[in-house]
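J.: Sharing a structure, written as structure tokens. Questions coming.
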Amino acid sequence: MPELQDPTPTKKRGLKGAIESKQLSRRTFDNYRTFIKDHYDGLAGKLTSFTGFVTGHETLAGRLIRPSAFDVRGCKRILDAGCGNGRYSKFLLRWADPDAFLTSFDLSERMLKRSRRRLKSPRVTHVAADLTRLPYPDAYFDAVVCGWVLEHLPDPRPGLKELARVMQSGGKLLLLVTEDTLTGSMCSRMWHCRTYNREELKRVCADCGLQWVRPYYFTRLHAWFRLGGIIAEFRRQ
Ligand SMILES: C[S@@+](CC[C@H](N)C(=O)[O-])C[C@H]1O[C@@H](n2cnc3c(N)ncnc32)[C@H](O)[C@@H]1O
């Protein structure tokens, strides 16, 4: 496979290329960000609970965040980056130590509201923020979950560098990203995002100080059929 130096989305050919969303390449980043914020503020964001239920993601999230998978026991400052309606925060709260502190941020105020409504917990702080400009000090968090957000950046490096900056050395990251498969292209169309090649993502994360530890699949079926996207645990170097 040729070296990919530039992780911005390249024009894909064939069916996947025809299906994949063109929103990121058609707009400037500022314009796209406003478009995405409006998208999640509106009906699409409202429907995430329903779609999560239909696709099984509401339940499948619990297979990733648990002691035998992404284990947050012992972590004291946990970040849910691009928390959406709080799907992953819910499981983080379930397994985190009672004295652990959970911070959730999202670009969309409405998604934050949906998350607050779901979690109803004084242990979670919700903040409106952009993944490429995080309002946290260096080396602040010991565990981070970033689910299905990186695909909303044309270039993943500013977001990954920010995540690496706010993580303690040795801290753990669970990253979930839409993959460049046929089903990934269809998701990209629906959610107006890009897709990632697995090897390319591994490489760009390493460049940003995040070392690939292990991949996860929701179930064996997902692993066999390469479904469910790229899900992996990383360690802050
Ligand atoms: C597909 S949803 C995923 C939500 C949640 N992580 C989950 O897995 O259920 C993507 C979320 O990312 C947020 N988002 C998109 N671009 C963002 C950015 N640049 N900074 C912060 N949040 C962003 C959206 O508002 C939306 O809530």
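The values are calculated or read from the model by the stated rules, or taken from the named source; none is laboratory data. None of these values were measured; they are calculated from a predicted model. Cβ coordinates were reconstructed from backbone atoms using ideal geometry, including for glycine residues, and neighbour counts include every protein chain displayed. Surface areas here come from the heavy atoms of the whole protein model, side chains and all, with no ligands, DNA or RNA. Shrake-Rupley method; radii C 1.70, N 1.55, O 1.52, S 1.80 Å.
J.: To the nearest 10 Å², what's Lys16's accessible area with a 1.4 Å probe?
T.: 80 Å²
J.: Counting each DSSP H run of 4 or more residues in the chain as -39500 (n - 2.57), what helix-only mean residue ellipticity at 222 nm follows after dividing by all residues, to the nearest 500 deg cm²/dmol?
T.: -11000 deg cm²/dmol
J.: Another question, then. Only bridges with both residues in the range 14-236 count here: give the DSSP antiparallel percent, nearest 5.
T.: Percentage antiparallel, nearest 5: 40.
J.: Let me ask something additional. Measure off 7 Å from each Cα along the Cα-to-Cβ vector at Ala223 and Ala69, then give the distance between these two points in nanometres to one decimal.
T.: 1.2 nm
J.: Please list Trp212, Trp95 in order of solvent-accessible area, largest first, computed with a 1.4 Å probe with all protein chains present. Present the calculation step by step, with values, prior to reporting the outcome.
T.: Working: Trp212 55, Trp95 95 Å².
Sorted descending by solvent-accessible area, the residues read Trp95, Trp212.
J.: Same structure, new question: For the range 14-236, what is the relative contact order in percent, using Cα pairs closer than 8 Å and at least 6 residues apart in sequence? Write out the running numbers ahead of the final one.
T.: Details: 416 pairs, mean separation 45.1, N = 223.
With pairs under 8 Å counted, the relative contact order is 20 percent.
J.: GNM, the chain, Cα, under 10 Å: largest mean-square fluctuation among Leu112, Leu160, Leu15?
T.: Most flexible of the set in this elastic network: Leu15.
J.: Quick one: putting +1 on the C-beta of Lys and Arg, -1 on the C-beta of Asp and Glu, what dipole do you get for the chain around its Cα centre, in Debye to the nearest 20? Write down the numbers at each step before the final one.
T.: Details: 41 positive and 25 negative charges, 123 e Å.
Magnitude of the dipole: close to 580 debye.
J.: Limiting things to C-alpha atoms, what are the Rg and the maximum Cα-Cα separation (Dmax) for the chain, in angstroms?
T.: Every Cα atom of the chain included, Rg and Dmax give 16.6, 51 Å.
J.: Can you tell which of Gly84, Gly17, Gly159 shows the greatest fluctuation in a Gaussian network model of the chain with Cα springs below 10 Å?
T.: For the chain, modelled as a Gaussian network with Cα springs under 10 Å, the answer is Gly17.
J.: How many angstrom lie between the C-alpha centres of the range 150-164 and the range 182-237?
T.: 13 Å
J.: Projecting each Cα onto the charge dipole of the chain (Lys/Arg +1, Asp/Glu -1 at the beta carbon, about the Cα centre), which of Pro215, Ala96, Leu173 comes out farthest on the positive side?
T.: In the chain, that residue is Ala96.
J.: Run the accessible area of the range 104-187 with a 1.4 Å probe and give the carbon-and-sulfur part as a rounded percent.
T.: On the way: 1800 of 3230 Å².
Carbon and sulfur: 56 percent of the exposed surface of the range 104-187.
J.: Further, regarding this structure: As an exercise, find the ratio Rg/Rh for the range 39-107 from alpha-carbon atoms, using the Kirkwood inverse-distance average for Rh.
T.: Details: Rg = 12.9 Å, Rh = 12.8 Å.
With Rg and the Kirkwood Rh in hand, the quotient comes to 1.01.
J.: For the chain, set up a GNM with springs between Cα atoms under 10 Å and report which of Arg214, Arg165, Arg157 has the largest fluctuation.
T.: Result: Arg214 has the largest fluctuation of those listed.
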